[in-house]
Amino acid sequence: MKSMKRALVGISTLLVMSSALAACGGNNNSSSSGANATTAPAATTAAEATPAPAAGSGEKVTINLWSFTDEIPNMTKKYMETHPDANVEFKTTVIATTDGAYQPALDQALGAGGKDAPDIYAAESAFVLKYTQGDASTYAANYADLGLDDQLVKDAGIAQYSVDIGSKDGQLKGLGYQATGGAFIYRRSIAKDVFGTDDPAAIKTEVGPGWEKFFEAAAKLKAKGYGIVSGDGDIWHPIENSSDKGWIVDGKLHIDPKREEFLDLSKKLKDNGYHNDTTDWTEAWYADMSGAGAQPIFGFFGPAWLINYVMNGQVKDTNGDWAVTEPPTGFFWGGTWLLANNEVTKDDAKKQAVADFVKWVTLDSSETGLQYYWANGTMKEGEQGTKDSVASAVVMSNSNGEVPLLGGQNMFDVFVPANANASGKNLTQFDETINKLWRDQVREYTAGNKDRAKAIETFKQQVKDQLGIESE
């Protein structure tokens, strides 16, 4: 996504927020990315399990790499450092998602083809289905055609939701390097005051499973002067990504009962004063992370990137007073998937070079794979960077996820099951637009500006007007 470290903190609009959610990592390895395309040839590199062309075998293989932040382009530096014999160079193009610039440029480049077409390209959760299952999926190579088979996925322990999102008709076309399964992130001191313990195993049973338990906890917290979450946006992602069906079913707008219930749960939060009625990605939301809001807030829902790249810069005096536990329902939020152009399969040397880099980023669970460096914050030798949840459960089980913000808790103990409990079967390529329309109408309802039926009616009409999609 937007490297969370760079793009999220201080962002105050939902538009920019949605473009800030996907490349959720940073690992002290990023510089700012601009809206203009940039190219930067990389030094030669060498491969590991699937060797790229060796030095001296002829002309270098040039890989055109496209991304919306410099996060993946910066990974090529580590790849080159760890693979000094590969006869390959990277030509990188970075176009920010700001103002919707990335997708049109990528679509044009893919459609034009030729030697300058993207060989490897990134897509974030907000629009990844367009490239793995939707209108632009024909450009993506099957991982199997690159020699990256299902056994590699199983051996690395890749979360199923990530595989589902990256697959079309059973063929894997994209995978991520992060995993963005969500947890409940809560204040230890408040937990002790209200529940008598800050033990994640105990708090898990206080806030879930299910929303009924969650609201029982909210009532207990309110009795002692605390809000359970900052705003209704904090419960939206768990609701959205635990629904049984997505927004589009058989070509028509479908409102899953779990998503429709967001109207009622949001109103319950507001009517009972269980939150501070903030909007996510605003200063008031950030203030609740530091305990400076109208009432102290117990927790937030989010993946590891919310801890690492948002809360870490906002918690101030509450640093170390946090912990993570399993949420009332499984969900994920954000992520970046890596795809390869199917044209690379027509050139053996390029196919081999592309496959090796993609494998190193998405499937290598060894201590010299990208994900091990990413999980442990060791992208730069001799420097402790940010630790992050990664796609491979095998890597996280072999890594140290202790972070100061969580009082030294090993967050991987929670995020491994969180990733396994997330579902990737309820997404559509229109989610970014439809989600915003839905959340706007929910807030209209909870504010008393519309009744429930009118909010739903307006939502359906907006989807029809903006996307041409009729309701069921």
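The values are calculated or read from the model by the stated rules, or taken from the named source; none is laboratory data. In this text, all values refer to a predicted model and were calculated from it rather than measured experimentally. Note that we place each Cβ from the backbone using ideal geometry, even for glycine, and neighbour counts take in every protein chain shown. Side chains are part of the model used for accessible areas, which takes the heavy atoms of the whole protein and leaves out ligands, DNA and RNA. Shrake-Rupley method; radii C 1.70, N 1.55, O 1.52, S 1.80 Å.
Take every pair of alpha-carbon atoms less than 8 Å apart whose residues are at least six positions apart; their mean separation over the length of the chain yields a relative contact order of 23 percent.
Within the set (1) 4, 17, 27, 26, 15, 7, 3, 1, 0, 0; (2) 4, 16, 22, 21, 16, 11, 8, 3, 0, 0; (3) 4, 21, 31, 25, 13, 4, 1, 0, the number that P(r) over Cα pairs in 10 Å bins from 0, in percent takes when calculated for this structure is listed as (3). Each eigenvalue of the Cα gyration tensor of the stretch 162-217, multiplied by 5 and square-rooted, gives one semi-axis; in descending order these are 36, 13, 7 Å.
With axes computed from alpha carbons, what is the tilt in degrees of helix 211-223 against the longest principal axis of the chain, rounded to the nearest 10 within 0 to 90? That works out to roughly 60 degrees. Extension gain for Asp250-Glu59 works out to 63.8 nm (0.36 nm per residue, less the C-alpha to C-alpha distance). If you take the beta carbon distance between Asn410 and Gln108 as r and set R0 to 56 Å, what does 1/(1 + (r/R0)^6) give as a FRET efficiency, to the nearest 0.05? The value I calculate is 0.80.
Each residue, Asp440 and Ser366, gets one label point 7 Å from its Cα in the Cβ direction; the gap between the two is 5.1 nm.
Per-residue packing, averaged as other Cβ atoms within 10 Å, sorts the ranges 316-329, 202-215 into the order 316-329, 202-215, beginning with the highest.
Taking all protein chains in place and a 1.4 Å probe, what share, in percent, of the accessible surface of the chain do carbon and sulfur account for? The C+S portion of the solvent-accessible surface of the chain is 46 percent.
The spacing between the stretch 363-413 and the stretch 301-324, judged by their C-alpha centroids, is 17 Å. Could you name the aspartates and glutamates whose alpha carbon sits less than 12 Å from that of Lys316, not counting residues in the same chain fewer than 8 places away? Result set, ordered by chain and number: Asp288.
Peptide packing for 173-181, 338-346, 69-77 was compared via the average number of neighbouring C-beta atoms within 10 Å per residue; ordered from the highest value, the list is 173-181, 69-77, 338-346. The alpha carbon gyration tensor of the stretch 229-271 gives principal lengths a ≥ b ≥ c with a/c of 1.5 or higher and a/b greater than b/c, which makes the shape prolate.
Using just its DSSP H runs of length 4 or more, each adding -39500 (n - 2.57), the chain gives a mean residue ellipticity at 222 nm of -10500 deg cm²/dmol after division by all residues. Each Cα pair under 8 Å and six or more residues apart adds its separation to the average, and for the stretch 303-437 the resulting relative contact order is 30 percent.
Straight-distance candidates among the lysines for linking to Lys77, with alpha-carbon spacing under 22 Å and chain neighbours fewer than 8 residues away dropped: Lys2, Lys5, Lys60, Lys91, Lys350, Lys351, Lys359, Lys380, Lys387. Residues within the reach of a label modelled at Asp145 (point 7 angstrom out along Cα to beta-carbon, backbone nitrogen below 19 Å), restricted to the stretch 350-375, are 350-359.
Paramagnetic label reach from Gln171 (point 7 Å along Cα→Cβ; backbone nitrogen cut-off under 15 Å): within the stretch 84-116, no residues. Put a dot 7 Å past the Cα of Ala202, heading toward its Cβ, do the same for Gln384, and the two dots end up 2.9 nm apart. Computed on the stretch 197-331, with alpha-carbon pairs under 8 angstrom and 6+ residues apart, the relative contact order is 37 percent.
Dipole magnitude for the chain: computed about the Cα centre from +1 point charges on Lys and Arg Cβ and -1 point charges on Asp and Glu Cβ, it is near 700 debye. Surface analysis of the chain yields an accessible area of 37 Å² per residue, using protein heavy atoms and a 1.4 Å probe.
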